[in-house]
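This report concerns only the one structure given below.
The values are calculated or read from the model by the stated rules, or taken from the named source; none is laboratory data. A quick note: this is a predicted structure, and the numbers were derived from the prediction, not measured. Virtual Cβ from ideal backbone geometry, glycine too; neighbours counted across all protein chains shown.
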Amino acid sequence: MTVNLLNLDAAGLNDLFARMGEKPFRAKQVLRWLHRFGKGDFYAMTDLARSLRMKLEASACIQPPQLFSDKLSEDGTRKFLFDVGAGNFIETVFIPETDRGTLCVSTQAGCALDCSFCSTGKQGFNRNLTVAEIIGQLWQACRILDCDSHGGERGISNVVLMGMGEPLANFDNVVAALRLMLDDNAYGLSRRRVTVSTSGVVPAMDQLGEECPVALAVSLHAPNDELRDRLVPINRKYPLADLMAACRRYLAKAPRDFITFEYVMLDGINDRNVDANELLGLTRDVPCKFNLIPFNPFPHSGFRRSTAVRMRHFADILMAAGTVTTIRRTRGEDIDAACGQLVGQVLDRSKRASFAPKSIPIAELAP
Ligand code: SAH
Ligand code: SF4
């Protein structure tokens with residue numbers, strides 16, 4: 001059977017090469033060719049013996065997700081859409097800023113967690129992405145942007161797992177991809193420049209802390225269980241007291257770290273002054289920063305974005321209590337690349353009505 005080498009982290013490549021009767025340093029060479037230098041062809045790996053290249057040609061392949069479209073926003077944000085087969089599409093967004101370049105990566109096609117304000121959730125769950133499809137988004141973006149994977153001026157200096165899907169519901173594949181991001185022979189990103197965003201899958205947060213403690217963002221969105229049960233249904237399984245305890249455990253081994261709490265601003269739902277005060281009480285014992293996200297509307301969501309003045313007031317209350325609070329600048333709106341808007345629109349544009357989950361009438365996906 002042909003092995004897709006993009007599915008393997010360093011340990012996986014070592015195992016494969018051991019089974020082929022090759023020395024471990026050969027595995028390292030191939031890892032560097034693949035990820036550090038972005039080669040997609042064994043014949044470009046010039047310091048491998050010809051016999052090894054032929055062996056690899058016969059038994060392995062390098063198969064990234066296929067680029068379907070590439071759009072550039074007026075603000076420089078760039079959105080890549082990848083076709084991962086059987087009618088599944090995933091999105092990757094590159095966000096250039098003056099001091100960094102961030103790649104926002106997807107981890108699942110669709111999502112099972114069904115948060116009420118998220119268009120990915122409204123699509124339902126299709127499948128987990130493979131390691132090759134997760135790391136392949138970074139691999140492809142580095143090639144397309146022609147950037148030095150170590151964050152040159154126009155390069156990718158940060159990765160956030162904030163695209164489609166719940167990363168911690170695809171744990172093993174996500175961790176293998178994270179290891180490649182951190183590996184000095186691959187992308188060499190520091191663990192603080194790689195962020196996993198979760199809606200709060202508590203047991204997997206503990207496991208991540210053990211296995212690969214990268215930066216953690218937690219999608220909070222509500223200051224109490226009653227509201228969060230409605231907005232983020234996984235809260236019914238892992239309520240806020242458990243989630244806050246998991247955040248504290250996550251930080252216990254890394255005292256200089258903090259949790260980023262994401263909070264989507266929904267007009268009249270979670271954006272009142274009392275909500276801000278309750279939020280401060282809830283998070284009192286967790287070293288954290290707040291990132292307020294203006295809600296990005298999609299057809300028939302039933303929610304509205306909070307006004308700019310309301311967001312400012314809300315942020316002021318959090319900051320007056322001494323917390324670091326940012327209001328996320330919305331990027332890439334003109335190309336539907338903003339948080340929570342990913343792919344939903346594709347269903348309509350490409351008229352692939354058959355991809356829509358049965359529970360959602362297709363009319364609801366249309367603008
Ligand atoms: N599943 C993970 C990561 C992907 S979602 C999570 O939920 O954390 C990334 C972020 O976008 C989350 O904070 C999510 O709540 C937010 N988001 C989802 N839909 C949104 C929308 N319509 N507008 C603004 N942010 C949204
Ligand atoms: Fe899934 Fe995150 Fe969207 Fe919730 S917000 S449905 S967890 S992708």
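Based on what the data block shows, is residue 168 under 23 Å from residue 133 (Cβ atoms), touching a strand residue (DSSP E or B) at 6+ places or on another chain (Cβ under 7 Å) and away from ligand 2 (no atom under 16 Å from the Cβ)? Considered against the rule, which asks whether it is under 23 Å from residue 133 (Cβ atoms), touching a strand residue (DSSP E or B) at 6+ places or on another chain (Cβ under 7 Å) and away from ligand 2 (no atom under 16 Å from the Cβ), residue 168 comes out as no. For the range 274-302, taking the residues that are in a loop (DSSP other than H, G, I, E, B), crowded, with 20+ Cβ neighbours inside 10 Å and not hydroxyl-bearing (Ser, Thr, Tyr), the one that is modelled with the lowest pLDDT is identified as 298.
Considering only residues of the range 111-127 that are surrounded by 19 or more Cβ atoms within 10 Å (Cβ to Cβ) and away from ligand 1 (no atom under 11 Å from the Cβ), which is modelled with the lowest pLDDT? Taking the candidates together, the pick is 123. Counting only residues that are touching a Lys or Arg at 6+ places or on another chain (Cβ under 8 Å), farther than 25 Å from residue 92 by Cβ and not aliphatic (A, V, I, L, M), the range 30-66 holds 2 of them. Against the numbered list (1) in contact with a strand residue (DSSP E or B) (Cβ under 7 Å, 6 or more places away or on another chain); (2) surrounded by fewer than 16 Cβ atoms within 10 Å (Cβ to Cβ), residue 85 comes up short only at (1). When both residues are 6+ apart or on different chains and their Cβ atoms are under 7 Å apart, which pairs have a first residue that lies in the range 161-179 and is in contact (Cβ under 8 Å) with a residue 12 or more places away in the chain and among the hydrophobic types (A, V, I, L, M, F, W, C), and a second that is more than 13 Å from ligand 2 (Cβ to nearest atom) and not in a helix (DSSP H, G or I)? Partner pairs satisfying both residue conditions: 161/195; 175/212; 176/9; 178/194; 178/212; 178/214.
The residues of the range 88-110 that are among the small types (Gly, Ala, Ser) and either within 12 Å of ligand 1 (Cβ to nearest atom) or without any contact (Cβ under 8 Å) to a residue 40 or more places away in the chain (or both), listed by number, are 106, 110. So, residue 46, is that one more than 16 Å from ligand 2 (Cβ to nearest atom) and within 26 Å of residue 190 (Cβ to Cβ) or not? Spelling it out, it is not the case that residue 46 is more than 16 Å from ligand 2 (Cβ to nearest atom) and within 26 Å of residue 190 (Cβ to Cβ).
The number of residues in the range 191-233 being within 16 Å of ligand 1 (Cβ to nearest atom), under 20 Å from residue 281 (Cβ atoms) and either free of Cβ contacts under 8 Å to residues at least 40 places away in the same chain or surrounded by 21 or more Cβ atoms within 10 Å (Cβ to Cβ) (or both) comes to 11.
Quickly run through the range 165-179 and pick out the residues that are within 9 Å of ligand 1 (Cβ to nearest atom) and either over 23 Å from residue 78 (Cα atoms) or modelled with pLDDT under 95 (or both). Don't jump to the end; show me each part of the working.
Narrowing the range 165-179 to residues within 9 Å of ligand 1 (Cβ to nearest atom): 165-169.
Answer for the range 165-179, where residues must be within 9 Å of ligand 1 (Cβ to nearest atom) and either over 23 Å from residue 78 (Cα atoms) or modelled with pLDDT under 95 (or both): 168, 169.
So how many residues does the range 307-332 have that are assigned to a helix (DSSP H, G or I) and either of a type outside the set (A, V, I, L, M) or not assigned by TED's automatic domain parsing to the domain that holds residue 73 (or both)?
Step one: filter the range 307-332 for residues assigned to a helix (DSSP H, G or I), giving 308-320.
Of the ones still in play, those that are also either of a type outside the set (A, V, I, L, M) or not assigned by TED's automatic domain parsing to the domain that holds residue 73 (or both) are 310, 312-314, 316.
Total meeting the criteria: 5.
Listed here are the helices (runs of 4 or more DSSP H) enclosed by the range 180-255 that have at least 1 residues being within 13 Å of ligand 2 (Cβ to nearest atom) and modelled with pLDDT under 95, and there are none.
Within this structure, residue 182 fails the test of being surrounded by fewer than 23 Cβ atoms within 10 Å (Cβ to Cβ), closer than 23 Å to residue 114 by Cβ and not acidic (Asp, Glu). Taking residue 271 as the residue in question, decide whether it is assigned to a helix (DSSP H, G or I) and of a type outside the set (S, T, N, Q). So residue 271 fails the test.
For the range 307-341, taking the residues that are among the acidic types (Asp, Glu) and modelled with pLDDT under 95, the one that is surrounded by the most Cβ atoms within 10 Å (Cβ to Cβ) is identified as 336.
Picking from residues in the range 92-134 that are part of a strand (DSSP E or B) and aliphatic (A, V, I, L, M), the one that is farthest from residue 332 (Cα to Cα) is 109.
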